[in-house]
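**Q** Quick one: the structure is below, questions incoming.
The values are calculated or read from the model by the stated rules, or taken from the named source; none is laboratory data. A quick note: this is a predicted structure, and the numbers were derived from the prediction, not measured. Cβ atoms come from the backbone with ideal geometry, glycine included; neighbour counts cover every protein chain shown.
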Amino acid sequence: MKAAVIREYGDATVFKSEDIPTPEPGDTEVLVKVHFASVNPFDYKVRAGYMKNRMPLKFPAILGTDMIGTVEKAGSSVSKFKKGDLVFGKANFGSNGSYAEYALAKESNIAQAPKNIPERESAGLPVAAGTAWTVLVDLVGLRKGQKVLITGASGGVGMMAIQIAKNIGAYVIGTASKANLQTIKAIGADEAIDYTEGDFSEKVKDVDLLLDTVGGETLSKAYKMVKKGGKLISLTGPTDKAAADKYGIDAQYLSVPSDGKTMEELAKLADSGKLKVIIDRELPLEKISEAHALSESRKAKGKIIIKIQS
């Protein structure tokens, strides 16, 4: 099979197109013929070596988590899926990931694919929407009428979080650049704040939940925007306990898992028209380096989709 392989940490040019043996699924795995994959910021951070202390790669490595495709072969203990099923979810990132014609996935990390949206859109759901769902629904328990602020709302996780929070019935505020304000309002944000115009942290206060997808200075300003007793969730790095204590809030850094049950919920939302995937562009696997460079630039408006095979 053809795969985009990396044999060392490096910049976006480190990918090499190689012909390698098609892997065999273990007892609890499925082999998926990948139709589409997508790029997440996590991918380039791992590729560049930013996370090698926490998540070292074993080279040669095949990156890529998001995928949609058909089951080619199921392991001996797999009961939910059979050859020919159209599935989506999370591939085995780093060992047999989705930047390849065939990928391996644990049975527990995939689900039957949405039926009412194009496959290329489904490929953009697993990590971004899975993260947003797990935080807002499973971990925080966001409720109707609560106020939530999402920083970096025009990114993959941000756009999914807006829609999921609105489906719950929350009042949603998002930050984005001026060029993306209309985009986040179009998918449901009640307020859209241009973070380049003045200090955004002076424009909002007393939110029940602040979901930070940006980090750095943005995260450092976020604590005072949460009401006493509220929650701040960082997806980018550790939170400041002293700042959380000062404002009387619960601040946590979460590295968020999501599984096949989450994928099932996302498929229901997508099929009902309540969850839309905004696509910046679609590129072939041969242009994975270009896709990573675009992701790293943080200029993509929505998901970067990789077409693998029909």
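**Q** When you go through Val34, Val78 one by one, which is the residue that is part of a strand (DSSP E or B), touching an Asp or Glu at 6+ places or on another chain (Cβ under 9 Å), of a type in the set (A, V, I, L, M, F, W, C) and crowded, with 18+ Cβ neighbours inside 10 Å? Reasoning before the result, please.
**A** Working: Val78 fails: part of a strand (DSSP E or B).
None of the other options fit; the residue is Val34.
**Q** Could you grab me the full set of residues in region 240-261 that are among the hydroxyl-bearing types (Ser, Thr, Tyr) and modelled with pLDDT of 95 or more?
**A** Step one: of region 240-261, the residues among the hydroxyl-bearing types (Ser, Thr, Tyr) are 247, 253, 255, 258.
Within region 240-261, just Tyr247 meets the criteria.
**Q** Moving on. Restricting to region 210-247, count the residues that are part of a helix (DSSP H, G or I), hydroxyl-bearing (Ser, Thr, Tyr) and in contact with an Asp or Glu (Cβ under 9 Å, 6 or more places away or on another chain).
**A** Matching residues across region 210-247 total 3.
**Q** While we're on this one: Name the pairs: first residue in region 174-198 and within 13 Å of Thr218 (Cβ to Cβ), second residue acidic (Asp, Glu), Cβ to Cβ under 8 Å, at least 6 apart or on different chains?
**A** Between residues of region 174-198 that are within 13 Å of Thr218 (Cβ to Cβ) and residues that are acidic (Asp, Glu), the close pairs are Gly174/Glu191; Thr175/Asp194; Ala176/Asp194; Ser177/Asp194.
**Q** State all residues of region 232-246 that are under 20 Å from the mean Cα position of the chain (by Cα) and not aliphatic (A, V, I, L, M); if no residue qualifies, say none. Spell out how you get there, then give the answer.
**A** Residues of region 232-246 under 20 Å from the mean Cα position of the chain (by Cα): 232-238.
If the condition is that a residue be under 20 Å from the mean Cα position of the chain (by Cα) and not aliphatic (A, V, I, L, M), then Ser234, Thr236, Gly237, Pro238 are the ones that fit.
**Q** Then there's this: List pairs: first in region 99-114 and closer than 25 Å to Pro60 by Cβ, second in a strand (DSSP E or B) and of a type in the set (Phe, Trp, Tyr), Cβ under 7 Å, 6+ apart or cross-chain?
**A** Hits for this filter: Ile110/Phe88.
**Q** Is region 46-55 home to any residue that is surrounded by fewer than 24 Cβ atoms within 10 Å (Cβ to Cβ) and either among the small types (Gly, Ala, Ser) or part of a strand (DSSP E or B) (or both)?
**A** There is at least one residue in region 46-55 that is surrounded by fewer than 24 Cβ atoms within 10 Å (Cβ to Cβ) and either among the small types (Gly, Ala, Ser) or part of a strand (DSSP E or B) (or both).
**Q** Pairs only if they're at least six apart or on different chains, beta carbon under 9 angstrom, first in region 68-83 and within 15 Å of Lys33 (Cα to Cα), second at pLDDT below 95; list them, first residue then second.
**A** Between residues of region 68-83 that are within 15 Å of Lys33 (Cα to Cα) and residues that are at pLDDT below 95, the close pairs are Gly69/Gln309.
**Q** For Val137, all conditions in the list (1) over 23 Å from Ser234 (Cβ atoms); (2) in a helix (DSSP H, G or I) hold save one; what is the number of the exception?
**A** (1)
**Q** Quick one: which of Lys185, Lys205 is in a loop (DSSP other than H, G, I, E, B) and of a type in the set (Lys, Arg)? Spell out how you get there, then give the answer.
**A** Details: Lys185 fails: in a loop (DSSP other than H, G, I, E, B).
Just a single option satisfies the conditions, and that option is Lys205.
**Q** Go over the candidates Gly155, Gly124, Gly130, Gly169 one by one and state the one that is within 21 Å of Ser272 (Cα to Cα), touching a residue at least 12 places away in the same chain (Cβ under 8 Å) and out of contact with any Asp or Glu (no Cβ under 9 Å at 6 or more places or on another chain). Before the answer, list the steps.
**A** On the way: Gly155 fails: within 21 Å of Ser272 (Cα to Cα); Gly124 fails: out of contact with any Asp or Glu (no Cβ under 9 Å at 6 or more places or on another chain); Gly130 fails: out of contact with any Asp or Glu (no Cβ under 9 Å at 6 or more places or on another chain).
Within the list Gly155, Gly124, Gly130, Gly169, the selection yields Gly169.
**Q** Could you please give the count of residues in region 154-171 that are more than 19 Å from the chain's Cα centre (by Cα) and buried (at least 21 other Cβ atoms within 10 Å of the Cβ)? Steps first, answer last, please.
**A** Step one: of region 154-171, the residues more than 19 Å from the chain's Cα centre (by Cα) are 168-171.
When the remaining residues are screened for being buried (at least 21 other Cβ atoms within 10 Å of the Cβ), the result is 170.
Total satisfying the criteria: 1.
**Q** I want to confirm something. Restricting to region 252-309 and keeping residues that are surrounded by fewer than 22 Cβ atoms within 10 Å (Cβ to Cβ) and in contact with a Phe, Trp or Tyr (Cβ under 7 Å, 6 or more places away or on another chain), which single residue is farthest from Ala37 (Cα to Cα)?
**A** Here the residue is Glu265.
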